[in-house]
Amino acid sequence: MGRYILRRAAGLVPTTLMLLLLVVILIEIIPGDIIDLMLQEKYGAQSEEVRASLEAELGIDKPLVVRYLEYVGGVVFRGDLGDSLWSGSSVRDLIVARSIVTIEIGVLSLLIGIVAGISLGIVSALKQDTFTDYALRSAAIFLVSLPSFVMATAVVVFPAIWWQTGPSLRYVSFTDDPVAHLKIIIFPAIILAIFLAATLMRIMRTTMLEVLRQDYVRTARSKGLPSQVVVMRHAARNALIPVVTLIGLQITFLISGSVVTEAVFAIPGVGRLLLDAITTRDYPIVQGVVVVVGLGVMVINLTIDLSYAWLDPRIRYS
Amino acid sequence: MAARAFGTLNHQRLGRRAVLRRGALGLAGLAGAALVGCGDSEEAGDASGGGAASTPGSGGAAAAAGAGIPANIVRGGGWSESLGVGYVSINNREVVMGGDLNTSSTATIVTQDPERHFGGADLAATNDRLFLADGWSAELIPDMVESWEVPDPQGLEYILKIRPGIKTHPIPPLNGRIFTAHDVAWCINRKAGKLEGVDTSAFLRVGQYVGMNRAEAIDDVTVRIVMDSPNGGILNSFTHPGAIMYAQELADEEFKDPTRLAGTGAWIQTEFVEGTRQVMEAFPDYYRSWDEGGRPGFDRWVRSVVADRASMVAGFLTGEFDSFNHVAPHEKQQIESAVSDAWWVTAIDNGWNYFGMNPNLPEMPWFKDQRVWRAMQLSLDYPAMARTNHDQFLYTGPVPAMFPEAKPTSEVAQLLGYNEETKEEAVQEALRLLDAAGYRNGAGIRFKYDIPAASGPYFDMAIRAQDFWKRNIPEMQVELQPHATSAPFVERQVGRTYEGRTWQYASVPDAALEVRTYFHSEGGRNYEGYSDPAADIAIDKMIQAQTLEERADAIRPFEDKVLNEGTPLLPLFVRMTDWVYQSTIGGFDMVSGSFSGTSYPGTQRWFWRTK
């Protein structure tokens, strides 16, 4: 097990280097240039000297390879993600400050989504081909097809137009007022959770139906075990493996969904930091967020892989 | 002595006002065509009054003011109940001092250096300017300056008397020290790029101080500005929101700590949470008294960051925010239906929209042809494009119509191409010109039309233009190229790789500097590479002129040439804009004009809570 973890962790290194390279190249090829944006309001001459001077000041005048190596060196040896080209602030500090609320929302939405998705999936499987089953499946299909940004905008805008009420858009941190903070983050968390829950419900229902038809479940029932024990201990646990895999994949959707939901609900999280940075072509922030999120996804996927053994003792790592 | 006598061209200002009034009344006629009002300005007035117990303003000091309203505030020149445009009601209810003003903004400031900061409205809250510009006439209103004179008739020297005893905020690094003429002189020199060893590459407004040699403090309250060559607009440059005065200590710290942005302004920044909010507290020792109209009526001003436009509207509808700026037509409908007693302010914006053609591309020879410029000018549907922004607008030439030097919008409205009643004739003339140029019915002309957004007013403008061309120049091929963000648009614009483009420009508060930027061969934003020696001479002459009449006379031939012959950069219209406030907000003096959009409301010092 230990060797497996080490091997998987070592595999993260080339993946991370590739990710860094990809990020640096992507930034290079997307249309739009920060110097143009900085000078768009400038009155007077915008000579090549002016541009060159600014590029040198911002450190973006060096060749791509040099910038890549410097960036990798900074990340690997100093944990330095660079500085914002606009404000000069440390990208690492910005990401740390913004990531707390994003993690809160992510964890909350995961909890809500997992609990709701798995529970409803089990219910739907147990009530197969009943009204409850049809209703849950229809609702799941509807919610999966509804983008999170549409739901987020609807939750903010429609109550405001119709009843002059809605979620607060003045962000309060947990340390300032925990209750007010929870009232603010609960809406984006639920909206992000809905997609996750609907997706999980569908896969949980399918796998549960498969598992419920297995011989060992029939054996468990014939032994006279209570139905609750059969379902929860013998069926549901085994049905969870594909569900857990799906949760790992869905985390990336949660992160991408947070970009829009944070913007709509005025949450100062990493998603909005990324969105603002892309708009203003603040390359170090874009790079930093992508690297941190990428590493996070890799670590989460590793954790999920390791959880298979706990869920199914037949799985062994070697 | 006033360096610029803006009031002397009253016929122009009256002409414009008359046009506006007629437009507001919905009268038919040629002058009415200058402004597309459809009689809705009176509706705007009603909406302004609404349930907010408002009474119309009438210019001069507030009459019959409610208890507590500043006694000596001066209303801006645009304040008149008879005007359809720029009409602002006054909430005359009793003032309730204190409390919080809550507003939304799209971001916390990212660049604290005022010379690199766009717009500057937020920094204008913590700092002051030497002058303000009347929101309607752009006339100078002294602010930090007490008086000024121009001893040299050629305009090569300016003497500014600064208010004595201006206190700075009691926070580091200034700690309440007095802001003197020495600070002002240093700051002017930094703005103009006259300090040794200061890289001005990214200084956005250094070009406004063209011709300046140096500024020097004669004593604690007197500043002398010495010019190498005349620049009649230099004092107006000081009215720009980005032209705030600040102390050297902040520059020494490289403006790195936003919580140490000590200034002299009405507000002290007490909290800065990056990407979340900025909190300001009223400065009790601010140099303007309450009755003078300047000290904030609120104790605190909380600017919360709301990145999404729809969420901003929602925040206003729920009462979470007290104001909402630059209201789009569809947003106006939502707000009017949900908040019937909201307080509306309509003003001429400081921006003008344009359509640009790139004559620098070898593969597009048609855009080098003056006949094509003229044909495009004749064939644009100005009202349709303008109404994507607001239901009212001003026709304009190369000097934006909100400037008193500009050719009156009523006159522009009569010209072929602009006059709606002769539009068919204009289209026929456009087709004749294209035919003569070898592009019968537009055949052979094709271009990609860059837009800085994939939705919203600019996109709608392009759609309407494309639709009009399809009907009237059927063989011309126009492909819309919307961009998700402005960055690729700006890159194509600055790199001069665009083919056709539409967006807007925000004006500086001086007509000569404005027209120079876009139409002078050395203009900083002359992305079309337009070069006309006669235009350069006219613009240079305008910059050097010292009176409004001289400036207007100098530039008029160039305006007429552009309006009758076309240029690759075609000004489309000057926009109107709406602000809306909750009914319990009062204040807002000296505004309702071109430069209010980024100046007075930005400082929020003119507001108070009412019963």
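The values are calculated or read from the model by the stated rules, or taken from the named source; none is laboratory data. Because the structure is predicted, anything quoted here is derived from the model rather than measured. Using ideal geometry, Cβ is built from the backbone for each residue, glycine included, and neighbour counts are taken over all protein chains shown. Each accessible area value is taken on the protein alone, full model and side chains, heavy atoms only, with ligands, DNA and RNA left out. Shrake-Rupley method; radii C 1.70, N 1.55, O 1.52, S 1.80 Å.
Descriptive notes on the structure:
- Residues of region B:421-439 satisfying the condition of being charged (D, E, K, R), in contact with a Leu (Cβ under 8 Å, 6 or more places away or on another chain) and surrounded by 14 or more Cβ atoms within 10 Å (Cβ to Cβ): B:GLU429
- Among (1) open to solvent by less than 40 Å² (accessible area, probe 1.4 Å); (2) farther than 17 Å from A:VAL107 by Cβ; (3) part of a helix (DSSP H, G or I); (4) within 14 Å of another protein chain (Cβ to nearest Cβ) - the single one A:ILE185 does not satisfy: (2)
- Condition check for A:LEU81: at pLDDT 85 or above, more than 14 Å from every other protein chain (Cβ to nearest Cβ) and assigned to a loop (DSSP other than H, G, I, E, B): yes
- Considering the conditions (1) within 14 Å of chain A (Cβ to nearest Cβ); (2) modelled with pLDDT of 95 or more; (3) surrounded by 24 or more Cβ atoms within 10 Å (Cβ to Cβ), B:GLN377 is excluded by exactly one of them, (1).
- Any hit, region A:37-49, residues being touching a helix residue (DSSP H, G or I) at 6+ places or on another chain (Cβ under 7 Å), open to solvent by 30 Å² or more (accessible area, probe 1.4 Å) and part of a helix (DSSP H, G or I): no
- Note on region B:333-356: residues that are over 21 Å from the mean Cα position of the chain (by Cα) and within 19 Å of B:ALA386 (Cα to Cα) amount to 1.
- Residues considered: A:SER109, A:SER119, A:SER145, A:SER124. Of these, the only one that is closer than 30 Å to A:MET208 by Cβ, out of contact with any helix residue (DSSP H, G or I) (no Cβ under 7 Å at 6 or more places or on another chain) and surrounded by 15 or more Cβ atoms within 10 Å (Cβ to Cβ) is A:SER119.
- Matching residues, region B:482-503, being more than 11 Å from chain A (Cβ to nearest Cβ) and buried (at least 19 other Cβ atoms within 10 Å of the Cβ): B:TYR498, B:GLU499, B:GLY500, B:ARG501, B:THR502
- Long-range neighbours under 8 Å by Cβ, at least six apart or interchain, first residue more than 10 Å from A:SER148 (Cβ to Cβ) within region A:184-196, second hydroxyl-bearing (Ser, Thr, Tyr) and not in a helix (DSSP H, G or I): A:ILE184/A:SER168; A:ILE184/A:TYR171
- Residue match in region A:133-147 (condition: small (Gly, Ala, Ser), away from every other protein chain (no Cβ under 14 Å) and either in contact (Cβ under 8 Å) with a residue 60 or more places away in the chain or in contact with a Phe, Trp or Tyr (Cβ under 8 Å, 6 or more places away or on another chain) (or both)): yes
- Residues of region B:334-364 that turn out to be without any contact (Cβ under 8 Å) to a residue 12 or more places away in the chain, polar (S, T, N, Q) and more than 10 Å from chain A (Cβ to nearest Cβ), as a count: 0
- The number of residues in region A:69-83 being open to solvent by 40 Å² or more (accessible area, probe 1.4 Å) and more than 26 Å from the chain's Cα centre (by Cα) comes to 3.
- The lone exception for B:PHE459 - which of (1) open to solvent by 40 Å² or more (accessible area, probe 1.4 Å); (2) under 21 Å from B:VAL372 (Cα atoms) it fails: (2)
- Some residue of region B:280-294 being at pLDDT below 95 and within 14 Å of chain A (Cβ to nearest Cβ): no
Per-residue answers, yes or no, for (1) open to solvent by 30 Å² or more (accessible area, probe 1.4 Å); (2) small (Gly, Ala, Ser):
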residue	(1), (2)
A:ASP61	yes, no
A:LEU85	no, no
A:SER89	yes, yes
A:LEU94	no, no
A:ILE100	yes, no
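- Flag if B:ASN360 is modelled with pLDDT under 95, closer than 21 Å to B:LEU101 by Cα and open to solvent by 20 Å² or more (accessible area, probe 1.4 Å): no
- Pairing each residue of region B:306-319 that is on the phi > 0 side of the Ramachandran plot with any residue that is of a type in the set (Val, Ile, Thr), provided the two are 6+ apart or on different chains, yields no C-beta distance under 6 Å.
- Residue in region B:248-257 that is touching a Leu at 6+ places or on another chain (Cβ under 8 Å) and more than 14 Å from chain A (Cβ to nearest Cβ) present: yes
- Subset tally (residues that are under 13 Å from B:ASP113 (Cβ atoms), modelled with pLDDT of 85 or more and of a type outside the set (Ser, Thr, Tyr)) for region B:215-246: 1
- When residues of region B:126-160 are limited to those that are modelled with pLDDT of 85 or more and small (Gly, Ala, Ser), the one most open to solvent (accessible area, probe 1.4 Å): B:SER147
Each row is one residue, and each column tells you yes or no for (1) assigned to a loop (DSSP other than H, G, I, E, B); (2) in contact (Cβ under 8 Å) with a residue 40 or more places away in the chain; (3) closer than 30 Å to A:ILE27 by Cβ.
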{"site": "B:MET461", "(1), (2), (3)": "no, yes, no"}
{"site": "B:TRP469", "(1), (2), (3)": "no, yes, no"}
{"site": "B:VAL478", "(1), (2), (3)": "no, no, no"}
{"site": "B:ARG501", "(1), (2), (3)": "no, yes, yes"}
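- When each of A:VAL286, A:VAL291, A:VAL299 is tested for being closer than 16 Å to A:GLY106 by Cα and either crowded, with 20+ Cβ neighbours inside 10 Å or under 16 Å from the mean Cα position of the chain (by Cα) (or both), the lone residue that passes is A:VAL299.
- Candidate set from region B:259-279 (those that are hydroxyl-bearing (Ser, Thr, Tyr) and either over 27 Å from the mean Cα position of the chain (by Cα) or within 13 Å of chain A (Cβ to nearest Cβ) (or both)); member that is farthest from B:PRO114 (Cα to Cα): B:THR276
- The residues listed here are B:PHE203, B:PHE179, B:PHE238, B:PHE255; of these, the one that is at positive phi and open to solvent by less than 30 Å² (accessible area, probe 1.4 Å) is B:PHE255.
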